[in-house]
Every structure is written in structure tokens, then in C-alpha cells.
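Take a look at the structure set out below.
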Amino acid sequence: MAVEDKKISYRIYLVAFSIFVMAMLIVIKLTNIQWVEGDYYRKLAHERTVKNFVIPANRGNVYSADGSLLATSIPNYDIRFDALAPSQENFNKYLQPLADSLSVMLGKPSARLYSDLRKARANKNRYMLIVKGLSYTQYLRIKSFPLFKLGAYKGGIITEQYTVREHPIGKIAKRTIGYGENREVGIEGAFAEYLNGKDGRRWMQKIAKNQWKPISDNNEIEPVDGCDIVSTIDVYIQDIAHHALLKQLEYYEADHGCVVVMETKTGYVKAISNLGRAKNGSYYETINYAVGESQEPGSTFKLAGLIALLEDKKVDTSEVYDSHGGEIIYYNRKVRDSRKGGYGKISLARGFEVSSNTVMVQAVYENYKDNPEQFVKHLSDFGLNKKLGVSIKGEGTPKIPQPGDKEWSKISLPWMGFGYGVSLTPLQTLAFYNAIANNGEMVKPIFVQEIKEWNRTIKKFDKEVLNPKICSQETIDKVKAVMENVVKKGTGSKLYSPNFSMAGKTGTAQVNYGGGKGDNMYYSSSFAGYFPADNPQYSCIVIIHKPSISKGYYGADVSGPVFKRIAQKIYTDVPSTDRIKLNDKIKKQEQLYASYYDKAQKEFKAMPNLVGMSGMDAVALLGNLGIKVQVIGAGKVKKQSLAPGGELNKEETVILELS
């Protein structure tokens, strides 16, 4: 028995020792957690139950030059209910009135809502969805409902705000305006720094898995709204350009195309449309071809060769050349005219007017073959060898071969004479043509004219001169006359109108001609010019890629009509007398508003009634009162978030819904 008792004693000692060791380990661990790792675990616990959430700032609006909304952020709200937040007394007291109010707003039976709300409390649901996608005015309305008006902690209302980027004029120019969805494209991408504003922050408490609710009704850091961008786009001209291009693309079943209309003296881009073909045959804004697509321009590049020849006084426009039956060979490579049999013996001016490849190539090659550097230097002096540096990202890189480069060959010079072996974007070509229309002054294409913080201009973008004079006035006068004749009696004669003058150059280029026939090679049809020819106000370029060959592919037939339609609609659909009257009316309104709003601060002690007032007037009035404004829609004021007669609170943003 003694031996057995000893065994039992040993076992007891062993168990006791084990328990003692475990107890010591627990004490050591607790001490370590409390004093050594305590801060870490307390922080971890806090982060898992309380979190500082980002409140995105309202993104600024993008406006057209005439004040129309092109892009705006509309606030939307999701409403949820923490069924355990209200006290039992408040829950019982306000549940039926809340169900009745929700019934009127949501169009659901009151009894069903009452039952759902009670069930949520019984099930301890702290994140019950009430409704999604409310507007700001609807949000203010539901926030005032019984129980909800007690706030987040006493009333259980949980508000989740987010914004939706809308384009009031539709998809027109959307690729240039941009998307505003963290995609760095267009004006939205180029000026994101100004549009984004500064995000705010708000502490929220975890109430269930992936479910959080605000700790208080106030934000820790209030978001600061982004600035507004006033673009150079004219909605009227944009609409004309878009539909003129679309009509032609559809008729010729083309792959894609673009059009740009630019104000001659300022470089302001008044319209830009980039349309690509979808699989179903429809067209939509896809790639910004005008800014980013750098390709061989073809015959529109002949203008550069003509100017170089005239500047160096190598020849005059009256110099006669033999078109050699419409075919000439350089280093075993053929240069052909589009007209079979050629044009016989014609002047250099006439060769340009009818777009004779043989004439233009002879003129360039014969005069610069011994010194090609002289010709290429002209192209550099014109600014054709470098990017324009436009604000929109993704500008294509121009390509002008240089003698001595590995890409330079014997055929480089003659091929450059009729627009091959070089590469330019449509916008770069347009800037060059615009310089001629602007008497030699080359200006940068501009897409934004000012940045505004409410009604205060914080930055303006005026004309930016890239080259004060690309060539002599004598040369400019000569090429202007020749380009006007292109429309009167040259390749663009189908566009001629005795009542309206235009000038420009047609272009028909074979794209990827090195790839052989079939799908690899296709035609690009273009027209670049300006109008009116005698006093240029606008320059314009139209390029259409891969038109159906069975219907035609020459620049005069495919792209030229788009140019003509735009020019005529701008100047004939709205008579100049009406434009003068419109301008006078605007000036008188501005003077009236200036006088009126000077008195605003003194006369308005409470929120005015804005319903029925034009959106622009309402924004100006509130701006003079020092009130922040956010506009939804276009037209006249339909609703205002702050009721008339209410206290003027300069910290609160007033939401205006326009009809």
C-alpha cells in the first residue's frame, strides 16, 4: 500500500506542478499583453470596432463655354435603419407614423412597412435597408420623418452618401470631356487636381460584419468641393459637328472618324467629336482620335511642301510641271495621280488645287534633293516635329524623318512631298492650317478657358502663341488664294457655294499600304481648312477612316461634306443680325445683373425663393450672398434644398434642381 500511495503522491505533485507552470505562463502572457503589447492590442480592438471613413468631396462641374452643364456629380443616398438604436419608448411611439410616412414616399403598404420594422427590431437587425438611390431633396424629406428626425443614435437612421457622374447633353464629346470615374482621360483627367476637391473624414462604429454606422451626425473633417471647369466647347457647334460626322460615318460604313472645330484667333476648341464603330454597327465616343491618333496625313501635308518652296523662292505658283501621264518613278517606286492619265502640263498652283501627286513630288524633290536638310528644317520651323502640348493626356507623337537617321532613305524626300513617311495627329494638322488662316500666328489648341471656385475665377487660360509667324505674309497670301481655289475649282469643287466662302485641302491617304491589299490596307479621307475664306473665324479638320470603297473614299466626297455642313450651319442657320442682337442682349443682362447683385447682400436677410429663376441667375444670386451652390440638371430652378425664408447659413450647400 505504501508503494501505491507514493505513486499517487507523485502524480498529484506532477499535476500540481503542471497547473503551477500553466498558471505562471498565463500570468506571464497576461502581463505581456497588459504592459508590453497592450497598446498594440488596444489599437487593434479600436480599429476593428471604430474606423475613420473617407467622405469623398463633391467633384466639380464641367461647363460649356455658354454655361451648359457637360458633366456634373449628382449626390445619391442609401437609407438604412439600426433597429436597436431607438429606445423602446421612442420605437413604440413613432413606429406607426414612420411607417405611414415611408408608405407615402415609397409607395409601399404601411402595414407591411410597420411589420418589417418590428421584425427588424425583434431580429436585432442593425443595418436594415430602407431605400436606395435617393436624391438630395428626397434625403432631406426622409430625414425629417418621425423617429428618423431624432438622428442616428436616437432615431436609428443610417445615411450612406455617394455621387454619380452625369452628362446632361448625353454622350456627345464624352471622350474629350472625360468620365470622372478615376479614369485619367479628357478634361476630367487633365484637370482632376482642381475637380476632385478635398475628401472629408467621419468616424464610424462597427455594428455587425461589414456594417458600420456614423458615431455622430457631424463629420470630423468636412469635405471641400472641387472647382468647376469652364470648357471652350460650344454646345451648338458641338451638336452640329457630332451629327454631321455621324451621318457620314453611317452612310460610308466607316470604321471611325473625328472632327475638330477651332476658333481661329484664340485656339479655343469649340467642338470635337471622336466616333468609333461598335460591333452592332452603331457609333459612339471611344478613343480620342483627334488628339492621339498619329498617322500619315496624305495630301493635306502638301501645304507644308508648298509653303517651303515659296518661302525659299525656289519656284512660284505659276511654275509649270508635266504630270507625265499621271505616273512618275523614283528609285523603282511609282508615284501616281488619282486621275488616270494625269493632268498634262499644269502650274504648281493648279497641281495643288487638283492634288496632283506627280506635280507636288517633282517640285519638292527637284528643288531639295541636293539639300534635304533645308526642306526638313522648314517642317521643324512650322512646329510639325513636336507635340502641341495640349492639356488633354495622350497626345500622339509626330514623326518627321531627319536626313542621317536610320529611317531616312532615298525615297524619304519625294514621299514627304505628298504626305507619306511622315506622321501627324488630326489636331496637329489643324493647328498648322489654323496658322495660315490666322495670318501666320500658330496658337495652341485650348480645351478649357477658366477654372472657377463657385463664382470666383481662380485661373484663366488665354491664347497661347506657339509661333508668332510660321512664314512670310507674301507666302500666306499666295497659299490662301490657292486653298480657296481648291474649293472653287479644285478637288473640293463639290463643296463650293457662291453665297459662302471656304478654303482648305482635301486628302486621301492609303493607310498601312506596306501591308499589301485586302484588310491590311485601307483609305483615310480628310479635309482641313477654314471659313469664311475672306475673314477666317473657324478652322476645321475632318478625318474618316476606312470608308466603304464601294461607296467612295476620296476626301472631297467623304470628309468634305462634313466640313461644308458644319460651316454652313454655323453661319447660315443663325443669321449674323440675330447673333449681334443676342450678344447685345447678353451684355445688357450682364449690366443689369451687376447692378442687381450689388444690392443682394443688403436686401436679402433670409433664403430667397429661387423657384422659376434661371439656373445661372440663381447661382449668381446665391454666390453674391456667400452661399455655396450645387446644381443638378439644366434650365430653370424646380426645387431648392433650403426653403424660402430660412436662415442664411454660409456653411451649408444649397442644392438646386433644375428642370
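The values are calculated or read from the model by the stated rules, or taken from the named source; none is laboratory data. What you see is a predicted model, and the numbers here were worked out from it, not measured in a lab. Neighbour counts are summed over all protein chains in view; Cβ atoms, including those assigned to glycine, are modelled from backbone coordinates with ideal geometry. For the accessible areas, the whole protein counts, side chains as well, though only heavy atoms, and no ligand, DNA or RNA atoms are used. Shrake-Rupley method; radii C 1.70, N 1.55, O 1.52, S 1.80 Å.
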>> Here is a list: Ile549, Ile470, Ile451, Ile544. Which entry is open to solvent by 40 Å² or more (accessible area, probe 1.4 Å) and among the β-branched types (Val, Ile, Thr)?
In response: Ile549
> If we keep just the residues of the stretch 513-531 that are modelled with pLDDT under 95, out of contact with any Phe, Trp or Tyr (no Cβ under 7 Å at 6 or more places or on another chain) and on the phi < 0 side of the Ramachandran plot, which is surrounded by the most Cβ atoms within 10 Å (Cβ to Cβ)?
Replying inline: Ser524
> If you check every pair at least six apart or on different chains, which have Cβ atoms under 8 Å apart with a residue in the stretch 518-541 that is within 16 Å of Tyr433 (Cβ to Cβ) first and a residue that is in a strand (DSSP E or B) and charged (D, E, K, R) second?
Replying inline: Phe527/Lys505; Ala528/Lys505; Gly529/Lys505; Gln537/Glu263; Tyr538/Glu263; Tyr538/Lys270
> Name the pairs whose Cβ atoms lie under 7 Å apart, with the first residue in the stretch 159-180 and touching a residue at least 24 places away in the same chain (Cβ under 8 Å) and within 12 Å of Ser68 (Cβ to Cβ), the second of a type in the set (S, T, N, Q) and open to solvent by 30 Å² or more (accessible area, probe 1.4 Å), and 6 or more positions between them or separate chains?
Replying inline: Ile169/Ser68
>> Show the residue pairs meeting these rules: Cβ distance below 8 Å; 6+ apart or different chains; first residue within the stretch 335-357 and within 12 Å of Asp322 (Cα to Cα); second residue among the acidic types (Asp, Glu) and part of a loop (DSSP other than H, G, I, E, B).
In response: Tyr343/Asp337; Ser347/Glu319; Leu348/Asp316; Leu348/Glu319; Ser356/Asp337; Asn357/Asp337
>> So in the stretch 265-278, with the set limited to residues that are open to solvent by 30 Å² or more (accessible area, probe 1.4 Å) and in a loop (DSSP other than H, G, I, E, B), which one is farthest from Ile177 (Cα to Cα)?
In response: Lys265
> Identify, please: which residue in the stretch 303-322 is in a strand (DSSP E or B) and open to solvent by 40 Å² or more (accessible area, probe 1.4 Å) and is, among those, nearest to His378 (Cα to Cα)?
Replying inline: Val320
> For residues in the stretch 395-438 being in a loop (DSSP other than H, G, I, E, B) and among the small types (Gly, Ala, Ser), which is nearest to Ser526 (Cα to Cα)?
Replying inline: Gly419
> Is there a residue being within 22 Å of Thr475 (Cα to Cα), touching a strand residue (DSSP E or B) at 6+ places or on another chain (Cβ under 9 Å), surrounded by fewer than 21 Cβ atoms within 10 Å (Cβ to Cβ) and of a type in the set (D, E, K, R) anywhere in the stretch 378-392?
Replying inline: yes
>> Could you check the stretch 69-99 and list, in sequence order, the residues that are in contact with a Pro (Cβ under 8 Å, 6 or more places away or on another chain) and surrounded by fewer than 18 Cβ atoms within 10 Å (Cβ to Cβ)?
In response: Pro97
> Of the numbered conditions (1) at pLDDT 95 or above; (2) over 19 Å from Ile543 (Cα atoms); (3) among the aliphatic types (A, V, I, L, M), Ala431 satisfies every one except a single condition; which is it?
Replying inline: (2)
> Any idea which of (1) open to solvent by 20 Å² or more (accessible area, probe 1.4 Å); (2) hydroxyl-bearing (Ser, Thr, Tyr); (3) over 28 Å from Asn288 (Cβ atoms) is the one Thr358 doesn't satisfy?
Replying inline: (1)
> Here are Ile346, Ile392: which of them is in a loop (DSSP other than H, G, I, E, B) and of a type in the set (A, V, I, L, M, F, W, C)?
Replying inline: Ile392
>> With the requirement that a residue be open to solvent by less than 20 Å² (accessible area, probe 1.4 Å) and under 13 Å from Ala173 (Cβ atoms), what does the stretch 229-257 give you?
In response: Ser231, Thr232, Ile233, Ile237, Gln238, Ile240, Ala241, Leu245
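Within the stretch 279-302, restricting attention to residues that are more than 26 Å from Lys399 (Cβ to Cβ) and within 20 Å of the chain's Cα centre (by Cα), which residue is surrounded by the fewest Cβ atoms within 10 Å (Cβ to Cβ)?
Applying the first criterion (more than 26 Å from Lys399 (Cβ to Cβ)) to the stretch 279-302 yields 279-285.
Those still in the list that are within 20 Å of the chain's Cα centre (by Cα) too: 283-285.
Working: Tyr283: 21, Tyr284: 13, Glu285: 20.
If we take residues in the stretch 279-302 being more than 26 Å from Lys399 (Cβ to Cβ) and within 20 Å of the chain's Cα centre (by Cα), then Tyr284 is surrounded by the fewest Cβ atoms within 10 Å (Cβ to Cβ).
Being out of contact with any Asp or Glu (no Cβ under 8 Å at 6 or more places or on another chain), touching a residue at least 12 places away in the same chain (Cβ under 8 Å) and surrounded by fewer than 24 Cβ atoms within 10 Å (Cβ to Cβ) is the filter here, so list the residues in the stretch 363-375 that pass it.
Matches in the stretch 363-375: Tyr365, Tyr368, Lys369, Pro372, Glu373, Phe375.
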